[in-house]
Structure formats: structure tokens, C-alpha cells
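Chemist: There's a structure below that I have some questions on.
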Amino acid sequence: MKNNQDDNKNLSAYEKAAEEGVDPRCIPQRLEGPVPEHDDVTYPDYPESDQETWKFLYNRQVKLLPGSACDEYLEGARRLNLSADRIPYLKELSHVFNDFTGWRIARIPGLIHEQDFFGLLQRKMFPSTDYIRGKDELDYTPAPDLFHDIFGHMPLLTNKNFASFYQMFGEAALNAKGKDRVKLEALHWFTVEFGLIKSAEGMRFYGAGVASSHKEIINALSDQVEVIDFDPEQVVSQQYDVWHLQPILFAIESFEHLETGFYDWTKKLGLL
Ligand SMILES: [Fe+2]
């Protein structure tokens with residue numbers, strides 16, 4: 001169990017994982033040079049088995065969206081024209097973001113060092129992989145893959161308030177040092193990856209870690225989870241465990257609430 005308050009070395013969860021000898025795909029790599037962006041991203045020659053994996057994951061997950069995904073996520077998935085037919089082309093998705101929010105896609109080779117990651121976010125570039133998990137990892141993969149990056153993260157990047165929040169996050173994270181860096185990592189976890197949002201119809205998710213996980217999409221909105229109102233100061237002092245289903249999650253009122261709440265909090269910390 002990770003405990004931010006006792007974390008006197010200020011290591012990120014992934015740096016700790018590297019120290020503890022976990023799967024090498026979970027060890028962040030520094031980018032050695034520029035990566036393909038937007039129009040320079042090409043479509044890999046996926047074997048048929050990869051296309052089948054996409055189709056399986058997409059069909060299994062899409063059934064769980066009604067009544068659990070927020071309207072903004074569903075609208076984003078429509079805008080991106082996601083479908084079971086084939087693995088989406090990152091370049092085409094990049095053009096959709098660009099039209100709605102000015103974001104674009106950079107194709108990355110795997111888990112990248114956080115300074116590279118934040119630097120891309122600050123430039124409104126979403127770092128995405130273009131390979132898919134193996135058939136032995138359909139339920140869970142510890143490393144990033146295109147199903148998580150596309151199905152999980154991308155729909156919300158067509159939303160103006162979320163996109164603005166995420167760009168500010170990149171900027172604040174680049175400025176953060178020591179304990180502030182660890183705080184922002186926790187905030188990312190409880191918003192971008194596992195965030196919930198209140199709606200007139202009830203609680204919904206918007207986090208990518210929920211959207212792309214068969215188990216989390218069921219767990220996150222069940223009575224197994226304690227839901228707390230989003231407050232950045234409380235979020236960053238909350239313990240969490242990256243390897244198990246989440247027992248505590250935070251709910252925002254709206255994406256405007258996330259954007260302004262984050263802005264006010266980071267201004268106070270001197271990170272923006
Ligand atoms: Fe993610």
C-alpha cells in the first residue's frame with residue numbers, strides 16, 4: 001500500500017515499482033528523441049489477432065457504458081467514431097481532438113518518464129501507445145496499451161473543460177518538485193484515471209482506468225466503493241494502491257468544477 005505522507009524519498013509509484021523489481025514494461029523510459037506527432041503518426045501493420053483483441057475488448061466494454069459512463073465521455077466516444085470494426089488510427093483521432101480542443105496525439109513507445117509525459121501534456125499532446133495487449137492479458141495488463149489509451153483516455157480529450165484541466169496539469173507537474181510532485185501523481189490517479197462525476201441520473205465515471213477495465217467499471221460504481229466529494233487537498237492526502245480494485249474514489253460536480261478546483265489549488269501552491 002502506498003502512503004504518500006510517509007514517502008520521504010518522493011518517488012513516483014512507477015519509480016517505486018522499478019525499485020521493487022516489477023514488470024520491466026512498468027519501468028518508465030526516457031524518450032531519446034522526438035516521437036511522431038499528429039500527421040506523422042503511421043498506422044501499424046497489425047496482425048489479425050490484434051484486431052480480434054480490439055474487437056473483443058471494445059465489445060465487452062461498450063456494453064457496460066450505459067448507466068456508468070458520464071455523458072461527456074459518451075459524447076467524446078461518438079465524436080471519435082470509435083467502433084469494434086478495427087483498431088482506430090491515431091492520426092484520425094488526433095484530428096478529431098484538434099478540431100474540438102486543440103489537442104493532438106504523440107505516438108510513444110511505452111511507459112515514458114514523467115518529465116517527458118508532462119512536457120507532452122503541457123503542449124496539448126496526448127502520449128499514446130499504438131500496440132495492444134496480448135490475449136493472455138485481456139482482463140488486466142500492468143503496462144499501457146492502445147486499448148487503455150484510446151478507449152480510456154481519449155473520449156474526454158474532446159471536452160473543453162477536461163482538456164483545459166489536463167493541459168494545466170502538465171504545466172503544474174513540470175513545475176512541481178519533491179512532495180508537490182507526489183501530490184500531483186495522486187491527483188492524476190483520482191481524476192484522470194479513476195475519477196467519478198455526479199449527474200442528475202446518478203454517479204458516473206470519467207476516469208480512463210475505469211473506462212478501460214472490465215473489473216473496475218463494475219467495481220467503481222458499486223457499493224464496495226466509498227465516494228468522497230472532490231477536494232484537491234483531500235485527494236492528495238488519500239492513500240491508494242495501484243495493483244488492486246479501488247476502495248475509495250472522488251466525485252466531481254462537473255468538469256468546470258474540476259478545472260477551476262485544480263486551477264485554484266495549484267495557484268495556491270505556486271505551481272501555475
Ligand atoms: Fe492511463
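Each reported figure results from applying straightforward, stated rules to the coordinates on display, with no laboratory input. Treat the numbers as computed from the prediction; the structure is a model and nothing was measured. We place every Cβ from the backbone using ideal geometry, glycine too, and count neighbours over all the protein chains shown.
Chemist: Where both partners of a DSSP beta bridge lie in the chain, what percent of those bridges are antiparallel, to the nearest 5?
Modeler: Working: 6 of 18 bridges.
Close to 35 percent.
Chemist: Skipping prolines and chain starts, which residues have an amide H placed within reach, meaning under 5 Å, of the one on I112, given they are 5 or more residues away or on another chain?
Modeler: Placed amide hydrogens put Q29 under 5 Å from I112.
Chemist: Report P(r) for the chain: all Cα-Cα distances, bin width 10 Å, range 0 to the bin holding the largest distance, values in whole percent.
Modeler: Final binned percentages: 7, 31, 40, 21, 2, 0.
Chemist: Do the alpha carbons of any pairs in K177/K267; K55/K91; K63/K124; K177/K268; K124/K267; K63/K135 sit beyond 24 Å of each other, and which pairs?
Modeler: Working: K177/K267 15 Å; K55/K91 20 Å; K63/K124 30 Å; K177/K268 15 Å; K124/K267 20 Å; K63/K135 20 Å.
The answer is K63/K124.
Chemist: Using alpha carbons only, how many angstrom separate the centre of segment 211-228 from the centre of segment 58-76?
Modeler: Their Cα centres are 14 Å away from one another.
Chemist: Using the alpha carbon gyration tensor of segment 81-160, what are the three equivalent-ellipsoid semi-axes (square root of 5 times each eigenvalue), largest first, in whole Å? If you can, show how the numbers build up before the last one.
Modeler: Working: eigenvalues 86, 57, 18 Å².
The equivalent ellipsoid of segment 81-160 has semi-axes of 21, 17, 9 Å.
Chemist: Taking only the alpha carbons of segment 197-249, what extent do you get along each of the three principal axes, in Å, biggest first?
Modeler: That works out to 31, 27, 20 Å along the principal axes.
Chemist: Separate question: Just to verify a number: FRET efficiency for R60 and Y89, C-beta to C-beta distance, R0 = 22 Å, to 0.05?
Modeler: On the way: r = 22 Å, r/R0 = 0.99.
Rounded to the nearest 0.05, the efficiency is 0.50.
Chemist: Turning to a different aspect of this structure: With the radius of gyration and the Kirkwood radius both derived from the Cα set of segment 130-205, what is their ratio Rg to Rh? Kindly include the intermediate steps, with their values, before the conclusion.
Modeler: Details: Rg = 14.8 Å, Rh = 14.5 Å.
Answer for segment 130-205: 1.02.
Chemist: Something else: Just want to confirm a number: the relative contact order over segment 4-269, from Cα pairs under 8 angstrom separated by 6+ residues, in percent. Walk me through the numbers before you get to the answer.
Modeler: Details: 410 pairs, mean separation 54.7, N = 266.
That works out to 21 percent.
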